[in-house]
1. Where in segment 36-134 are there helices (runs of 4 or more DSSP H), lying wholly inside it, with at least 2 residues that are within 20 Å of the chain's Cα centre (by Cα) and among the β-branched types (V, I, T)?
2. Which of the residues belonging to segment 63-82 are basic (K, R) and either modelled with pLDDT of 95 or more or closer than 21 Å to W241 by Cβ (or both)?
3. Give me the pairs: first residue in segment 1-20 and touching a residue at least 40 places away in the same chain (Cβ under 8 Å), second residue crowded, with 21+ Cβ neighbours inside 10 Å and of a type outside the set (A, V, I, L, M, F, W, C), beta-carbon distance under 7 Å, and six or more apart or on different chains, which are they?
4. Select from segment 162-215 the residues that are assigned to a helix (DSSP H, G or I) and among the β-branched types (V, I, T) and write down the one among them that is surrounded by the most Cβ atoms within 10 Å (Cβ to Cβ).
5. Could you list all residues from segment 136-161 that are loosely packed, with under 13 Cβ neighbours inside 10 Å and within 23 Å of the chain's Cα centre (by Cα)?
6. Quickly run through segment 18-64 and pick out the residues that are surrounded by 16 or more Cβ atoms within 10 Å (Cβ to Cβ) and not hydrophobic (A, V, I, L, M, F, W, C).
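The values are calculated or read from the model by the stated rules, or taken from the named source; none is laboratory data. From a predicted model like this one, the values you see are computed outputs, not experimental measurements. Every residue, glycine among them, receives a Cβ derived from its backbone with ideal geometry; neighbour counts consider all protein chains shown.
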Amino acid sequence: MKHIVFNEPDVKVLEAAIALDESLQGEIVLIRDDYAVGPLYESGDAEGWQKRRDWWRRLLETNADYDPEKMLDMMQDKATLHKLVQELEADEKEYIWIWAAQNKHDVSGYYWLVSQMADWQGRVFILYLNNLPFINEKGNIFYPQWLSQIPAREFLKAKKLSRPVTPSEFEIDADEWKKLVASQKMVRLLEGGKKLASQDVDYYDSGIDNYVHGGFSKASRILQLFMQKEKETTGDVFALWRLKKLATDKGYEVKGDINKTSREFELKDPSRPSLRKKDEEQATAAEPVSPEKK
């Protein structure tokens with residue numbers, strides 16, 4: 001058995017679940033790329049694959065938080081898929097389980113993968129944890145957006161949801177992937193179920209811009225607030241790229257070297273009040289008027 005997951009934190013929790021249940025024994029295979037952003041390509045489109053790889057290189061080369069070559073070496077999903085197919089060909093009893101939670105990252109990865117697996121109908125299974133309740137460590141019911149949020153013991157219940165990807169799904173979902181590719185949009189959002197909507201490259205800009213104020217803040221802090229407070233967020237590499245684009249387009253002031261890590265430079269929007277000044281104004285407005293001032 002091969003377990004397919006789309007996020008690195010999912011590996012650890014699935015390993016813990018496997019340790020609790022021998023029937024889940026198998027290799028965990030991680031799909032590393034984030035297909036919820038960037039240019040897409042169809043199976044066999046070498047030019048499209050290279051275009052996507054070059055796009056990631058450009059983003060990573062402007063992000064000192066990461067080593068571009070190391071990251072690109074890790075993001076070898078094409079080689080991962082090739083190895084997976086070889087193993088299916090070598091062992092007719094081998095099969096795969098695709099684990100996906102209800103988030104755009106997992107669903108985008110699922111479409112990329114399943115669009116290339118039609119030859120293995122009957123040996124490809126899906127466990128899509130779509131709007132399903134689980135019990136957290138405190139004993140409360142919750143609806144996880146990510147597999148890594150689910151306690152290991154709850155995976156023993158989740159395994160019962162495994163089912164083969166149907167012939168119609170192979171056809172329909174492959175067509176859906178082609179539509180996503182053809183849209184040439186750079187952002188994918190999950191609208192519900194497995195439905196993805198394509199958006200323009202600047203979709204997250206207004207959300208990121210919300211946390212740039214009239215006082216200097218470290219870029220890392222701006223991105224942290226964006227990740228914590230916005231309903232729709234994206235990965236830090238894409239988000240930092242957009243923040244730097246906003247700095248140019250909106251004329252943010254920069255303190256430090258913008259080419260260094262996100263912890264080593266600060267940004268402010270001179271057209272806005274600083275948070276401190278805003279807090280002082282709000283506090284002054286809230287003060288009761290003394291009798292002497294009436």
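1. 104-114
2. Of everything in segment 63-82, just one residue is basic (K, R) and either modelled with pLDDT of 95 or more or closer than 21 Å to W241 by Cβ (or both), namely K70.
3. Correct list of pairs: F6/H105; F6/D106; F6/G109; N7/H105; L14/H3.
4. I208
5. Passing the criteria: only F142.
6. D33, D34, Y35, G38, P39, Y41, E42, S43, R52, R53, N63, listed by residue number.
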